[in-house]
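Quick note: the coordinates plus some simple rules give every number you see, no bench work behind them. For clarity, every value in this text was computed on a predicted model and none was experimentally measured. Glycine gets a Cβ as well: all are built from the backbone with ideal geometry, and neighbour counts include every protein chain shown.
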Amino acid sequence: MTLQTSAVRPGLGARNVAARAAIYAILIAFAAYFLMPIYVLVITALKPYAGVDVATMWQLPAVPSFDAFLRAWEQIGGNFTNSMLIVIPAALVSTMIGAVNGYVFAKWRFRGSEVIFRLVLFGMFLPYQGLIIPLVLTLRTLGLYGSIPGLIVVHAILGIPITALMFRTFFAGIPDELLDAAKIDGCGFFRIFRWLMLPVAPPVIAVVLLWQFTTIWNDFILAVVVLNSPTVAPVTVAVQNLAGSYSVEWNVQMAGALIAALPTIVVYLLLGKLFMRGLLAGAVKG
């Protein structure tokens, strides 16, 4: 028996090593495939316009130049600031509202709460194109059309369904006995939320914030509809205008696109570990 086991183990070990090597090779190939556009984007932005050519698009620049980034920033820097003014309050407000709603739907159920929750989730499946006309009419009535606060309100409201779902799924995993003990100690609705729910929620908060930040930052259609002036438009609209201009050189267009993509990359790098913890905790499951 001992001889058979020792004879089998090396074979199994070799097969495991081969399988793991194949998995890593496949993952590296997929990563390289998806990163190729980023590579071309970066090296093109670092080249002077005279060195930009389709025939040499894969070649590294002989001398990297940041002139394209400076020129791109001159054209989209104000719009970059507009995006920050939009995405930070919109992501924070939608996350806060989603946390309260998820807490209610998970732990303070009442008659008809499931029906209301399903109606809230229905908002996830409404296409933006079908909301444009009533959205514009409502914003005009409120005096918010064409303004950054108006777009913040839009994103904060449209983010409620997905944020409520994420928080509800996470909070549902917290034992009800903890809430019952807190109620016996005299804690009410907001004290339980503040001192029991929020301290264990950083993983799902990171997931929701990252999701909302990325979604709002990359938005284009709502920004075009709600903000009718280029001066208050976010960076996504400015980059589209930059790419659509024949007078703007390729390297400047690539630099503008890279500048627009950097915040989401930085946010993911900062919240990446919490994001994975939130996913493993079931924050986006169900």
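Calculated FRET efficiency, residue 190 and residue 38, Cβ-Cβ r, R0 30 Å, to nearest 0.05?
It comes to 0.10.
Please state, as a whole number in µm²/s, the translational diffusion coefficient that the Stokes-Einstein equation yields for the stretch 25-91 at 37 °C and 0.692 mPa s, with Rh defined as the Kirkwood radius across alpha carbon pairs.
Estimated via Stokes-Einstein, D reaches 228 µm²/s.
Where nothing but the Cβ of Lys and Arg (+1) and of Asp and Glu (-1) is charged, how large is the charge dipole of the stretch 159-236 around its Cα centre, in debye to the nearest 20? All intermediate terms of the calculation are to be shown ahead of the outcome.
Numbers: 4 positive and 5 negative charges, 31 e Å.
Charge dipole, the stretch 159-236, about its Cα centre: 140 debye, nearest 20.
Take 83, 94 and order them by how many other Cβ atoms sit within 10 Å, fewest up front.
83, 94
From the helices alone, meaning DSSP H stretches of at least four residues, give me the mean residue ellipticity at 222 nm for the chain, per-run term -39500 (n - 2.57), in deg cm²/dmol to the nearest 500.
Value at 222 nm, helices only: -24500 deg cm²/dmol.
Once the Cβ-Cβ distance between residue 71 and residue 128 is put in as r, and R0 is 35 Å, what FRET efficiency do you end up with, to the nearest 0.05?
The pair residue 71/residue 128 has a calculated efficiency of 0.60.
Taking +1 at the Cβ of each Lys and Arg and -1 at the Cβ of each Asp and Glu, which of 160, 101, 76 sits farthest along the dipole of the stretch 67-280 towards its positive end, judged by Cα position relative to the Cα centre?
101
If I require 18 Å or longer along the helix axis, counting alpha carbons, and a Kyte-Doolittle average no lower than -0.5, what helices from the chain are left? Use full DSSP H segments.
2-45, 67-107, 128-142, 202-217, 250-280
Given Cα pairs under 8 Å that are at least 6 residues apart, what percent is the relative contact order of the stretch 67-280?
Result for the stretch 67-280 is 37 percent.
At a 10 Å Cβ-Cβ cut-off, how would you order 108, 250, 211, fewest neighbours first?
So the ranking, lowest neighbour count to highest, is 108, 250, 211.
Place a +1 charge on the Cβ of each Lys and Arg in the chain and a -1 charge on the Cβ of each Asp and Glu, then give the dipole magnitude about the Cα centre in debye, rounded to the nearest 20.
Here the size comes out at about 840 debye.
Send over the Kirkwood Rh of the chain, from the inverse of the averaged 1/r over different Cα pairs, rounded to one decimal Å. Show your work: numbers first, answer last.
Working: mean 1/r = 0.0443 Å⁻¹.
For the chain, the Kirkwood estimate is 22.6 Å.
Taking the alpha-carbon centroid of each part, what is the distance from the stretch 149-225 to the stretch 31-53 in angstrom?
Here the answer is 38 Å between Cα centres.
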